[in-house]
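S.K.: Quick one: the structure is below, questions incoming.
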Amino acid sequence: DGTLSIERFLAGESRADASPDKESAAAGASQTSAPDDEEWLVELGEFSIEDLSFRFEDRALEDPGELAIADLDLTLAALSNESGARFPVELAMAVASGGSIRLNGDAAALPDPLLNAEVTVDNLQLAGIAPWVRDAVPIGVGGGSVALRADIAVDEGEQFAADGSVAISGLDIDDLDK
């Protein structure tokens, strides 16, 4: 059909699930392709991003909110599309308004997304979320910080679970309806 789709190379779709368009494209493929009952196995030793910075501005709010991330490092190792294959995940970033976030754990992509990780949030400044709070409820956030330590999990049914502790320090809020 003249298009390139990486889905053809990934595990997960059996030949019985293929649409007629996909089958006709497969029929025109090279005679050296794998037999119909074999799936492609894709493996990647390591994928990493280092020192990524970005800025997000939400202009849909009455007072636009901005979130800036600096020094984002992400490492995924031993990636595979093999069903049930788990791989280590490491994520660390600094929030420009103050604070840092770190996640260390393991994940799987197929057949269902899974994640088990320890999340640490240190000294995350709450003033940075003030525009979103103000848009939802009449409360002004003038300051404070949050620290969090939690073990998180996302299972086959995409259920989310967390077990840990949260501490809020120096919370400064105002009732904007006064």
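The values are calculated or read from the model by the stated rules, or taken from the named source; none is laboratory data. Small disclaimer: the values here were computed from a predicted structure and weren't measured. Neighbour counts run over all protein chains shown; Cβ positions are idealised from the backbone, glycine included. Quick note on the areas: whole protein, heavy atoms, side chains included, nothing else; ligands and nucleic acids left out. Shrake-Rupley method; radii C 1.70, N 1.55, O 1.52, S 1.80 Å.
S.K.: Can you say whether F56 is among the aromatic types (F, W, Y), open to solvent by 80 Å² or more (accessible area, probe 1.4 Å) and either farther than 30 Å from R134 by Cβ or at pLDDT 95 or above (or both), as far as the supplied structure shows?
M.R.: no
S.K.: Determine, yes or no, whether D163 is of a type in the set (D, E), loosely packed, with under 13 Cβ neighbours inside 10 Å and at pLDDT 90 or above.
M.R.: Considered against the rule, which asks whether it is of a type in the set (D, E), loosely packed, with under 13 Cβ neighbours inside 10 Å and at pLDDT 90 or above, D163 comes out as yes.
S.K.: Residues that are of a type in the set (S, T, Y): list the strands (runs of 3 or more DSSP E) wholly contained in the range 84-178 that include at least 1 such residues.
M.R.: Ranges flagged: 100-108, 114-125, 139-154, 160-175.
S.K.: May I pose another question? Just need a number here: residues in the range 124-151 that are of a type outside the set (K, R), open to solvent by 30 Å² or more (accessible area, probe 1.4 Å) and over 30 Å from D177 (Cβ atoms).
M.R.: Looking only at that region, the number is 1.
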